[in-house]
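Notes for the one structure printed next.
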Amino acid sequence: QVQLVESGGGLVQAGGSLRLSCAASGSIVSINSMAWYRQAPGKQRVSVAIITSSGSTNYEDSVKGRFSISRDNAKNTVYLQMNSLKPEDTAVYYCAGRREGPGTNRAWDYDYWGQGTQVTVSS
């Protein structure tokens, strides 16, 4: 069983940057796809970035060009670099892992979830 723990959230001004980390208790080599989701108050949890075991990435339209997802299999860690942050990026950010199959933007496809980390962007 793999456990995921996010870190790196916090309060930042608009235009600033944060880097989120997702550390796995076990090896992520066996996890085909890793993703970052976010959930704002009163809204559904949505996918913002996905990375497969081969390194292919996919981003939600509103974060393209600003966010970058990467994975370090040797460190069992996935990162989300967030630049040019906007107030609308404010949400709880979750790390997710899917053992088999391609990365998707359907939350129910993922087998592992972290507890989330709060990101707040002030205007």
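Taken per residue, the accessible surface of the chain reaches 50 Å², heavy atoms only and a 1.4 Å probe. What the Kirkwood sum gives for the chain is a hydrodynamic radius of 14.1 Å, with every pair of different alpha carbons counted. A Förster radius of 22 Å combined with the Cβ-Cβ distance from Ser68 to Trp108 puts the calculated FRET efficiency at roughly 0.30. Using a simple spin-label model with pseudo-atoms 7 Å out from Cα toward Cβ, Val2 and Val29 lie 1.3 nm apart. Here the accessible area of the chain is 45 percent carbon and sulfur, with a 1.4 angstrom probe and all protein chains present. Accessible area ranking (1.4 Å probe, heavy atoms, ligands and nucleic acids excluded), largest first, for Asp89, Asp61: Asp61, Asp89.
The values are calculated or read from the model by the stated rules, or taken from the named source; none is laboratory data. On a predicted model such as this, the values are computed, not experimentally measured, just so you know. All Cβ positions, even for glycine, are placed from backbone atoms using ideal geometry, and neighbour counts span all protein chains on display. Quick note on the areas: whole protein, heavy atoms, side chains included, nothing else; ligands and nucleic acids left out. Shrake-Rupley method; radii C 1.70, N 1.55, O 1.52, S 1.80 Å.
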